[in-house]
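Undergrad: Take this structure, written in structure tokens, and hold onto it; I'll ask about it next.
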Amino acid sequence: MWLRVFCFAIRAPCHTNSMTDSSKSFCVERRVEFRDTDAAGIVHFSAFFPMLESAEHELLRSLGLSVMQPQANGTHLTWPRVAAHCDYLGAAKFEELLRIEVIVEHLGNKSVRYGFRIRRDDVDIARGSITAVCCLMASDGRLSSIPIPDHIRQLLNQATIEGQFGALPE
């Protein structure tokens with residue numbers, strides 16, 4: 001089933017939401033917007049991080065999760081980032097359609113590392129990762145890291161492929 005969500009840019013999973021295909025990767029498409037670019041019309045390096053975060057959110061939503069999940073006791077389960085990385089392999093320009101692939105590269109006791117590959121057609125533009133820690137946020141805003149709950153771990157396992165995107169080209 002293909003799903004399209006229109007919100008400032010075109011986003012559509014490249015595979016089914018259930019992640020039942022053999023690659024286990026989740027994909028969204030996003031058109032480069034003018035606000036993403038520098039004066040030369042090329043995507044500014046800083047614009048890649050919101051794209052990665054947005055793709056992560058889409059993956060979580062496809063699994064029935066959120067980065068800010070209300071709990072019955074008034075707390076929220078949330079996922080603050082502790083690391084983000086991006087290697088730039090090529091240029092993307094205004095109006096180009098990019099495909100952002102997301103996988104769970106590593107699922108630890110309290111953390112998850114997402115791997116990302118941004119492509120234009122069949123050309124890698126960037127690869128990156130985001131590491132997030134599972135936390136409970138109290139009503140006063142205090143965060144406490146906790147082990148990833150079993151039901152969430154099972155859902156994230158659907159998207160887990162250790163080292164899927166392999167080594168970067170030299």
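Undergrad: Show me, for region 132-139, the HN-Hα J-couplings you get by feeding each phi into the Karplus relation (A = 6.51, B = -1.76, C = 1.60, θ = phi - 60°), rounded to Hz, glycine and proline as x.
TA: Result, rounded to whole Hz: 10, 10, 6, 9, 9, 9, 6, 4.
Undergrad: For region 141-158, take each phi angle, set θ = phi - 60°, evaluate the Karplus expression 6.51 cos²θ - 1.76 cosθ + 1.60, and give the result in whole Hz per residue in order, putting x for glycine and proline.
TA: Each residue's phi maps through the Karplus curve to give x, 5, 10, 9, 6, 9, x, 4, x, 4, 5, 6, 4, 4, 5, 5, 4, 4 Hz.
Undergrad: Turning to a different aspect of this structure: Counting other Cβ atoms within 10 Å, which trypsin sites (Lys or Arg not before Pro) in region 106-146 have at most 15 and lie in a DSSP loop? Intermediate results must be reported in sequence, preceding the final value.
TA: On the way: sites: LYS110, ARG113, ARG117, ARG119, ARG120, ARG127, ARG142; in loops: LYS110, ARG142.
Within region 106-146, the qualifying trypsin sites (Lys or Arg not before Pro) (loop, at most 15 other Cβ atoms within 10 Å) are LYS110, ARG142.
Undergrad: Can you pull the one-decimal nm distance between simple spin-label points at ALA91 and ILE161, each 7 Å off the Cα toward Cβ?
TA: 3.0 nm
Undergrad: For region 103-116, just list the computed ³J(HN,Hα) in residue order, Karplus coefficients 6.51, -1.76 and 1.60, θ = phi - 60°, integers in Hz, with x standing in for Gly and Pro.
TA: With coefficients 6.51, -1.76 and 1.60, one gets 9, 8, 7, 8, 10, x, 5, 10, 10, 9, 10, 8, x, 10 Hz.
Undergrad: Could you pull out every residue, at least 5 positions away or on a different chain, whose amide H is within less than 5 Å of the one on CYS27? Hs are placed 1.01 Å off N in the peptide plane, and Pro or chain starts have none.
TA: HN-HN under 5 Å from CYS27: CYS14, HIS15, VAL102.
Readers should treat all values here as calculations from the given coordinates under stated rules, not as data from a laboratory. No experiment lies behind these values; they were computed from the predicted model shown. When we count neighbours, we look across all protein chains shown, and the Cβ atoms used for this are built from the backbone with ideal geometry, even at glycine.
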